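Remarks on the structure that follows.
The values are calculated or read from the model by the stated rules, or taken from the named source; none is laboratory data. The structure displayed is predicted, hence computed values, not measured ones. Every residue, glycine among them, receives a Cβ derived from its backbone with ideal geometry; neighbour counts consider all protein chains shown. Ligands, DNA and RNA are excluded from the accessible area calculation, which covers all protein heavy atoms including side chains. Shrake-Rupley method; radii C 1.70, N 1.55, O 1.52, S 1.80 Å.
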Amino acid sequence: MQPYRQGKAAADDAFKLSSNENPFDPIPAVLEAIAASSVNRYPDGSAIALRTALADHYSVAPENVHIGAGSASILSQLITAAAGVGDEVVYSWRSFEAYPGFVAVAGATSVQVPNTPDHRHDLPAMAAAITDRTRVVIVCSPNNPTGAIVTRDEFAAFMAQVPDTVLVLLDEAYIEFVTDDAAVRGPELLGTYPNLVVLRTFSKAYGLAGLRVGYALGAEYVLDAARASAIPLSVIEPAQRAAIVSIEHQAELLERVAGLAGLRDEIWVALVEQGWDVPRPHGNFVWLPAGEHTAWAGEVFSEHGIVVRALAPDGVRISIGEHESVEKLLKASQEVVRKLRTPATEATLD
Ligand SMILES: Cc1ncc(COP(=O)(O)O)c(C=O)c1O
């Protein structure tokens with residue numbers, strides 16, 4: 001197995017746009033909440049205050065909420081709980097880089113269904129890939145790294161094909177950045193599909209990536225399986241408190257998200273004008289399908305002071321960060337696309 005590779009760190013004068021982080025510092029109320037946390041005691045392992053706040057927010061019971069040290073840990077818990085040796089987990093590819101590792105650690109087998117040529121989930125093919133060995137299907141909307149959403153209608157048609165004995169994990173790590181009304185939104189569907197678990201996180205829109213806190217919404221008995229396979233007491237008190245305060249200050253934080261989504265759309269338009277054939281982005285990142293030239297493209301960005309995630313052999317993912325990063329980003333992307341579009345030089349790039 002390959003260990004999970006984190007986005008590269010940036011030199012002092014470079015912008016780190018490699019991990020889909022939020023560029024903003026925490027709001028003062030979050031800093032106060034962190035400072036008020038005790039660290040000599042273990043945290044509340046049931047995270048009941050945070051679960052109650054989320055339950056109120058989504059009009060569900062606290063039993064329908066599970067908290068993890070990042071939604072990544074909940075993904076791992078649920079895959080481990082549901083799938084083992086001889087079982088299959090279906091997901092699209094390319095998607096979140098951590099999925100293959102979680103499946104392998106569970107002892108199960110990954111069934112990767114290629115994205116469509118326009119970088120979206122191929123949901124009919126994913127449904128067709130389900131066999132009597134399938135225990136889990138992961139749907140990622142918006143998809144990391146391609147940025148594509150699954151629509152509400154596509155998801156409904158897909159769920160109609162999925163046996164209700166198969167657990168469906170709808171990974172909505174970037175949902176707060178979505179402005180398209182057609183996109184599926186998991187919490188609305190929990191009453192319809194008992195085999196659906198929705199995963200969300202405070203890492204991206206809420207800017208708490210360093211505190212590690214995410215959550216799942218779903219049927220109590222399914223979430224109990226995640227709770228049973230979790231390492232106890234992993235969600236620390238500062239994270240729980242900061243998450244509660246973030247829910248209370250949601251309007252202020254989501255204004256920042258709207259700003260990032262606006263910047264994302266501007267960058268996308270500029271990339272298309274430069275000649276990039278890039279899918280419409282819906283998360284806090286853009287996807288440049290540089291194909292076999294991905295490693296080279298990543299280096300060009302690096303030379304321009306932009307640290308990106310080069311996911312060879314498919315493309316480069318660039319997070320939406322500080323306003324000040326945009327000029328450098330677009331200069332680098334211009335250079336890359338110009339060379340990619342010049343057949344005479346293309347052969348010599350790598
Ligand atoms: C699609 C997707 N899901 C889940 C995660 C995990 O986020 P966290 O563990 O920080 O909540 C990420 C992080 O990059 C992601 O891109």
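Which of the chymotrypsin sites (Phe, Trp or Tyr not before Pro) across region 1-69 are loop residues per DSSP, with 16 or fewer other Cβ within 10 Å?
Numbers: sites: Y4, F15, F24, Y58; in loops: Y4, F24.
Answer by residue number: Y4, F24.
Taking 45 Å as R0, compute the FRET efficiency from the Cβ-Cβ separation of H249 and T342 and round it to 0.05. That pair, H249 with T342, gives E of 0.35. A dipole drawn for the chain from +1 and -1 charges on Cβ atoms has a positive end, and of G191, V89, V150 the residue lying farthest that way is V89.
A Förster radius of 30 Å combined with the Cβ-Cβ distance from A295 to D122 puts the calculated FRET efficiency at roughly 0.70.
For K331, a cut-off of 18 angstrom between C-alpha atoms picks up these aspartates and glutamates, skipping any fewer than 8 places away in its own chain: D13, D265, E266, E273, D277, E299, E303, E322. Using the Cβ-Cβ distance between E322 and E32 with R0 set to 35 Å, the FRET efficiency works out to roughly 0.90.
Taking 0.36 nm per residue of sequence separation and removing the Cα-Cα distance, the W93/V272 pair yields an extension gain of 62.1 nm.
Rg then Dmax, both in Å and based on the Cα atoms of region 259-330: 11.3, 33. Taking the 1.4 Å solvent-accessible surface of the chain as the whole, the part contributed by carbon and sulfur is 53%. When the Cα centres of region 110-145 and region 177-216 are compared, how far apart do they sit, in Å? Comparing the Cα centres of region 110-145 and region 177-216, I get a distance of 18 Å. Name the residue farthest towards the positive end of the dipole of region 1-141 from the options T52, V111, C140, assuming +1 on Cβ of Lys and Arg, -1 on Cβ of Asp and Glu, about the Cα centre. Selected residue: V111.
Spacing of the modelled spin labels on D164 and T192, each 7 Å from Cα toward Cβ, amounts to 1.4 nm. Once both labels are positioned 7 Å from their Cα atoms along Cα-to-Cβ, the gap between Y221 and A156 label points is 2.7 nm. Treating each Cα of the chain as an identical point scatterer and summing with the Debye formula, the log10 of I(q)/I(0) at q = 0.11 Å⁻¹ comes to -0.74. For the chain, set up a GNM with springs between Cα atoms under 10 Å and report which of L340, L208, L50 has the largest fluctuation. The residue with the greatest mean-square fluctuation here is L340. Looking at the chain, the accessible area is 44 square angstrom per residue; that uses a 1.4 Å probe and ignores ligands, DNA and RNA. Taking label points 7 Å from Cα along the Cα-to-Cβ direction, L233 and Y4 give a separation of 2.2 nm.
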